[in-house]
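Enquirer: Quick one: the structure is below, questions incoming.
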Amino acid sequence: MHNGIIENFKALRGELTEAGARLESETDTEVVAALIERNLSAGMPAEKAVRKALARLEGAFALAIMICGEADTLYASRRGSPLVLGFGDGQVSLGSDTLALCGLATEVCHLEEGDFAILKAARAEIFDENGKPAKRPLKPMTATAGQLDKGNYAHFMQKEILEQPTALADTLGKYINPLEAKVELPELPFDFKEITKVNLIACGTSAYAARVGKYWFESYARLPVEAEIASEFRYRDVVIGEGELNLFISQSGETLDTLVALRHCREKNLRTAAIVNVAGSTMTREADVTFLTYAGVEIGVASTKSFTCQLMVLAALAIGAGRARGVLTKAGEAVLVQALEEIPAKLAEVLYHDQAIRALSAAVSKARNVLYLGRGCLYPVALEGALKFKEISYIHAEGYPAGEMKHGPIALVEEDIPVVILAPSQGVHLKTFSNMEEAKSRGAKIILISDAEGVREHGPGTMATIIMPSVPDIALPLLYAVPVQLLAYHTAVRKGNDVDQPRNLAKSVTVE
Ligand code: M6R
């Protein structure tokens, strides 16, 4: 069993076929089997044959290997991709994720980079990357089979969208002191007063959370921020000063693009921190400090509750940084914390639009393209809305900063194209209404997501309106994320797509 990519498989394949091996597929995985087989045929004992084969591999992989005639033994090794051992009830099991071992294990142990393990009966021997016997900490299995059950929900994604009020309350509860209306962060290995810049680094939906975070760190802590796509950040000749904080964001804590970027910073002795949902995952073990989100297990490939929980932690961190740097007063902090405290209840109100959005998805599911527009902190939410939509509905969608439309993308606006407008009637968002009019006058079907005042003033002539609660700026991205999640979900269901397991995608992307 192989997870990951053997990057030098073409060279190995050439070498093996030249030596007379007959390979039956084009897969990189078969090359591993063929290497082991060649070693066995040369008379090596099984363990040596496996170790020697592993030494030839380049790339990122987790492997579980069984040799014909040795049915009581499994060999396992990880490089890049995660691998977890589970112990319980007289057995040892192996999985690429703790959740996979639910019901099989009462204790788990994460293999470390380069580890090699031999599993026999209920025992496992572990060796480190230098071949020396190694001990890895055993942790109790915290996931329960109940968390893997979608109950009466049609899909995990639906369950996870609807769980957001609780997930957000749980997450916020870990980062604030409600009695004093202030942020309380875990002990930090750095002082925000000394931080000169924050680099927020992530992939996919987590990278959109990073982009929202940029607005908050700039506004509330007056810190310069770069929001970076991990796979680009790692391979650019990026200039990072010693005073900078490199904050990695990931639901799984295993995304390889993000992980290699984190390791790159560690190699350069730069400060690292991580916002992660899966406790015990590789990033939580490698970053200097971890801020967990408490979204609970997220199974649907499309991230929903983990996104809003990442936003909650970012908001708390930005406020904490603002206070530490003397940008926010105690009273200013209290106002922001109170706004965060109201989010779970307000989000529950937004969920009442579920059925209206389901009805709306009938028209949207017939579209070939959909545009999402927002400004300021709702621009990343427009990007996230488009990602969620294309990822599970398989309909092309793009998110844009509303002001950028007239610089090119407006050419895409044709009769009947659905355009989702994220625009509360406050601040910079008021400008989005003019951009909405530009699209409307060219025949776009507008779906306006705004507060009561925005809908009253700008709703006439739109295809649909969704009335959102009026909330302070800091709460906007968390609440406006919900209708775009629901629109993606209902459209995908209507199209008969596999919502929880969309084509070509995996929940945890452990290849570069
Ligand atoms: O586990 P991570 O947050 O690191 O995952 C990053 C992306 O792969 C992930 O957000 C992906 O974009 C989701 N499928 C989006 O819904």
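The values are calculated or read from the model by the stated rules, or taken from the named source; none is laboratory data. It should be emphasised that the depicted structure is a prediction, and the values quoted were computed from it without experimental measurement. Note that each Cβ is placed from the backbone with ideal geometry, even for glycine, and that neighbours are counted across all protein chains shown. These accessible areas exclude ligands, DNA and RNA; they are computed on the full protein's heavy atoms, side chains included. Shrake-Rupley method; radii C 1.70, N 1.55, O 1.52, S 1.80 Å.
Enquirer: Would you be able to say whether some residue in the stretch 152-170 is at pLDDT below 95 and assigned to a loop (DSSP other than H, G, I, E, B)?
Expert: Yes: the stretch 152-170 contains one or more residues that are at pLDDT below 95 and assigned to a loop (DSSP other than H, G, I, E, B).
Enquirer: Applying the selection to the stretch 131-162, what residues are free of Cβ contacts under 8 Å to residues at least 12 places away in the same chain and farther than 30 Å from V301 by Cα?
Expert: If the condition is that a residue be free of Cβ contacts under 8 Å to residues at least 12 places away in the same chain and farther than 30 Å from V301 by Cα, then K132, P133, K135 are the ones that fit.
Enquirer: Let me confirm something: among A315, A295, which residue is buried (at least 21 other Cβ atoms within 10 Å of the Cβ) and closer than 30 Å to Y235 by Cα?
Expert: Exactly one of A315, A295 is buried (at least 21 other Cβ atoms within 10 Å of the Cβ) and closer than 30 Å to Y235 by Cα, namely A315.
Enquirer: Sticking with this one: Please specify each residue of the stretch 306-324 satisfying the condition of being in contact with a Ser or Thr (Cβ under 7 Å, 6 or more places away or on another chain) and hydrophobic (A, V, I, L, M, F, W, C).
Expert: Passing the criteria: F307, C309, M312, V313.
Enquirer: List the helices (runs of 4 or more DSSP H) inside the stretch 179-277, counting only whole elements, that have at least 2 residues being open to solvent by 50 Å² or more (accessible area, probe 1.4 Å) and near the ligand (Cβ under 10 Å from one of its atoms).
Expert: Per the criteria, no element qualifies.
Enquirer: Here's a follow-up. Any chance you could count how many residues in the stretch 1-18 are open to solvent by 70 Å² or more (accessible area, probe 1.4 Å) and touching a helix residue (DSSP H, G or I) at 6+ places or on another chain (Cβ under 7 Å)?
Expert: Qualifying residue count, the stretch 1-18: 1.
Enquirer: Somewhere in the stretch 456-478, is a residue open to solvent by less than 30 Å² (accessible area, probe 1.4 Å) and modelled with pLDDT under 95?
Expert: No, the stretch 456-478 has no match at all.
Enquirer: Picking from S81, S41, S96, S77, which residue would you name as being open to solvent by 70 Å² or more (accessible area, probe 1.4 Å), at negative phi and not aliphatic (A, V, I, L, M)?
Expert: S41
Enquirer: Okay, next question. Every residue in the stretch 101-121 that is open to solvent by 60 Å² or more (accessible area, probe 1.4 Å) and within 16 Å of T142 (Cα to Cα), please.
Expert: Selection gives G103, L104, T106, E107.
Enquirer: Closer than 20 Å to L314 by Cα, more than 19 Å from the chain's Cα centre (by Cα), modelled with pLDDT of 95 or more and not assigned by TED's automatic domain parsing to the domain that holds L476, is that true of N199?
Expert: So N199 fails the test.
Enquirer: Separate question: Mind checking whether some residue in the stretch 174-193 is closer than 30 Å to Q147 by Cα, in the same structural domain as L328 (by TED's automatic domain parsing), in contact with a Cys (Cβ under 8 Å, 6 or more places away or on another chain) and not acidic (D, E)?
Expert: no
Enquirer: If a residue has to be open to solvent by 10 Å² or more (accessible area, probe 1.4 Å) and within 14 Å of the ligand (Cβ to nearest atom) to count, how many in the stretch 378-393 make the cut?
Expert: 4
Enquirer: Could you check, for the stretch 416-425, whether at least one of its residues is open to solvent by 40 Å² or more (accessible area, probe 1.4 Å), more than 20 Å from K214 (Cβ to Cβ) and outside the structural domain of A207 (by TED's automatic domain parsing)?
Expert: Checked against the condition, which is being open to solvent by 40 Å² or more (accessible area, probe 1.4 Å), more than 20 Å from K214 (Cβ to Cβ) and outside the structural domain of A207 (by TED's automatic domain parsing), the stretch 416-425 yields at least one hit.
Enquirer: Further, regarding this structure: Does at least one position in the stretch 92-100 carry a residue that is in contact (Cβ under 8 Å) with a residue 60 or more places away in the chain and in contact with a Cys (Cβ under 6 Å, 6 or more places away or on another chain)?
Expert: No, the stretch 92-100 contains no residue that is in contact (Cβ under 8 Å) with a residue 60 or more places away in the chain and in contact with a Cys (Cβ under 6 Å, 6 or more places away or on another chain).
This table checks each residue for (1) touching a Lys or Arg at 6+ places or on another chain (Cβ under 6 Å); (2) more than 23 Å from G320 (Cα to Cα); (3) in contact (Cβ under 8 Å) with a residue 12 or more places away in the chain.
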position	(1), (2), (3)
V212	no, no, yes
R222	no, no, yes
V225	yes, no, yes
I229	no, yes, yes
R234	no, yes, yes
T290	no, no, yes
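Enquirer: Taking the criterion of being in contact (Cβ under 8 Å) with a residue 24 or more places away in the chain, over 24 Å from M468 (Cα atoms) and either among the polar types (S, T, N, Q) or away from the ligand (no atom under 16 Å from the Cβ) (or both), would at least one residue in the stretch 293-315 satisfy it?
Expert: Within the stretch 293-315, one or more residues are in contact (Cβ under 8 Å) with a residue 24 or more places away in the chain, over 24 Å from M468 (Cα atoms) and either among the polar types (S, T, N, Q) or away from the ligand (no atom under 16 Å from the Cβ) (or both).
Enquirer: Which of the residues that make up the stretch 123-167 are open to solvent by less than 80 Å² (accessible area, probe 1.4 Å) and farther than 22 Å from G280 by Cβ?
Expert: Across the stretch 123-167, the qualifying residues are G131, K150, G151, A154, H155, M157, Q158, K159, I161, L162, Q164, P165.
Enquirer: Residue pairs, Cβ under 7 Å, 6 or more apart or interchain, first in the stretch 499-512 and closer than 15 Å to K390 by Cα, second open to solvent by 50 Å² or more (accessible area, probe 1.4 Å). List them.
Expert: These pairs meet every condition: V499/V493.
Enquirer: Restricting to helices (runs of 4 or more DSSP H) lying wholly in the stretch 409-512: which have 3 or more residues that are within 16 Å of the ligand (Cβ to nearest atom)?
Expert: Qualifying helices (runs of 4 or more DSSP H): 476-494.
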